[in-house]
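See structure below.
The values are calculated or read from the model by the stated rules, or taken from the named source; none is laboratory data. Not measured: the values here are computed from a predicted model. Here the Cβ is made from the backbone with ideal geometry for all residues, glycine too, and neighbour counts use every protein chain on show.
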Amino acid sequence: MFDQKVAELLNTQINKEFYSAYLYLHFSNFYAEQGLSGFANWYMIQAQEERDHAMLFVRYMQNNDLKVTFEAIDRPDADLKDNMDPLKAGLVHEQYVTGLINAIYEAASDAKDFRTLQFLDWFVKEQGEEETNASDLIKKMELFGTDAKGLYMLDQELGGRVYAAPSLTL
Ligand code: FEO
């Protein structure tokens with residue numbers, strides 16, 4: 001028998017990951033409006049990664065014969081005014097997601113659900129990387145973003161990001 005609380009948290013996480021994709025598309029739109037196509041590209045790819053995360057949770061639930069229930073995805077709630085706002089909101093959001101992953105991990109641990117713990121290990125590592133990437137972007141923007149040439153170079157750099165499928169497959 002699969003633990004009910006773990007199953008519910010896994011199902012909720014699907015919605016959270018799709019919301020993350022929606023939030024990052026919102027950031028991508030913001031930067032596209034500013035003419036910063038590199039930043040827009042970076043968050044477009046970030047959104048693709050979040051969709052991948054959602055799909056991994058869907059697949060994991062399907063593989064374990066768990067019922068998947070889709071709920072409405074919230075409207076992105078970040079109020080964006082300047083070029084730093086998405087970066088700071090992104091870090092806060094990733095810290096929030098880390099907390100969600102940790103809560104599922106804790107519930108799976110309490111339930112001695114070793115299969116789910118192993119599945120979640122990838123996400124624990126991924127969240128570490130996501131937080132590092134988000135805080136690195138803030139540091140770079142603080143260093144270079146206030147100067148027009150620096151911002152241009154940073155936009156060029158972020159424009160070079162290419163999509164890579166997740167290393168976890170189910
Ligand atoms: Fe799916 Fe950025 O955490």
Subject >> Cβ pairs under 6 Å, 6+ apart, first in region 112-133 and touching a residue at least 40 places away in the same chain (Cβ under 8 Å), second within 12 Å of the ligand (Cβ to nearest atom) and not small (G, A, S) >> reply: W122/L168; F123/I101; E131/E94
Original post:
When both residues are 6+ apart or on different chains and their Cβ atoms are under 9 Å apart, which pairs have a first residue that lies in region 85-106 and is within 22 Å of N11 (Cβ to Cβ), and a second that is modelled with pLDDT under 95 and more than 10 Å from the ligand (Cβ to nearest atom)?
Top reply: H93/A78
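Residues are listed down the side, and each one gets a yes or a no for (1) among the charged types (D, E, K, R); (2) in contact with a Phe, Trp or Tyr (Cβ under 8 Å, 6 or more places away or on another chain):
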{"residue": "P76", "(1), (2)": "no, yes"}
{"residue": "A89", "(1), (2)": "no, yes"}
{"residue": "E94", "(1), (2)": "yes, no"}
{"residue": "G99", "(1), (2)": "no, no"}
{"residue": "A111", "(1), (2)": "no, no"}
{"residue": "W122", "(1), (2)": "no, no"}
{"residue": "G145", "(1), (2)": "no, no"}
{"residue": "G159", "(1), (2)": "no, yes"}
{"residue": "Y163", "(1), (2)": "no, no"}
**OP:** Scan region 57-107 residue by residue and report those that are farther than 28 Å from T146 by Cβ, in contact with an Asp or Glu (Cβ under 8 Å, 6 or more places away or on another chain) and within 11 Å of the ligand (Cβ to nearest atom).
**Re:** F57, V97, T98
Original post:
What are the residues in region 34-58 that are buried (at least 20 other Cβ atoms within 10 Å of the Cβ), closer than 24 Å to Y152 by Cβ and not aliphatic (A, V, I, L, M), if any?
Top reply: F39, N41, W42, Y43, Q46
**OP:** Would you mention how many residues in region 59-82 are at pLDDT below 95 and over 30 Å from M153 (Cβ atoms)?
**Re:** 1
Subject >> Extreme residue, nearest to the ligand (Cβ to nearest atom), among residues of region 108-134 that are among the polar types (S, T, N, Q), surrounded by 14 or more Cβ atoms within 10 Å (Cβ to Cβ) and more than 19 Å from Y43 (Cα to Cα) >> reply: T116
Original post:
Out of all the residues in region 1-56, which are small (G, A, S) and within 17 Å of G90 (Cα to Cα)?
Top reply: S20, A21, S28, A32, G38, A40, A47
Original post:
Which condition number does E71 fail, the rest of (1) loosely packed, with under 15 Cβ neighbours inside 10 Å; (2) assigned to a helix (DSSP H, G or I) being met?
Top reply: (2)
Original post:
Quick one: in region 146-168, which of the residues that are out of contact with any Gly (no Cβ under 9 Å at 6 or more places or on another chain) and in contact (Cβ under 8 Å) with a residue 60 or more places away in the chain is surrounded by the most Cβ atoms within 10 Å (Cβ to Cβ)?
Top reply: L168
Subject >> Among the candidates L87, L143, L137, residue that is in a helix (DSSP H, G or I), over 13 Å from the mean Cα position of the chain (by Cα), buried (at least 17 other Cβ atoms within 10 Å of the Cβ) and not charged (D, E, K, R) >> reply: L137
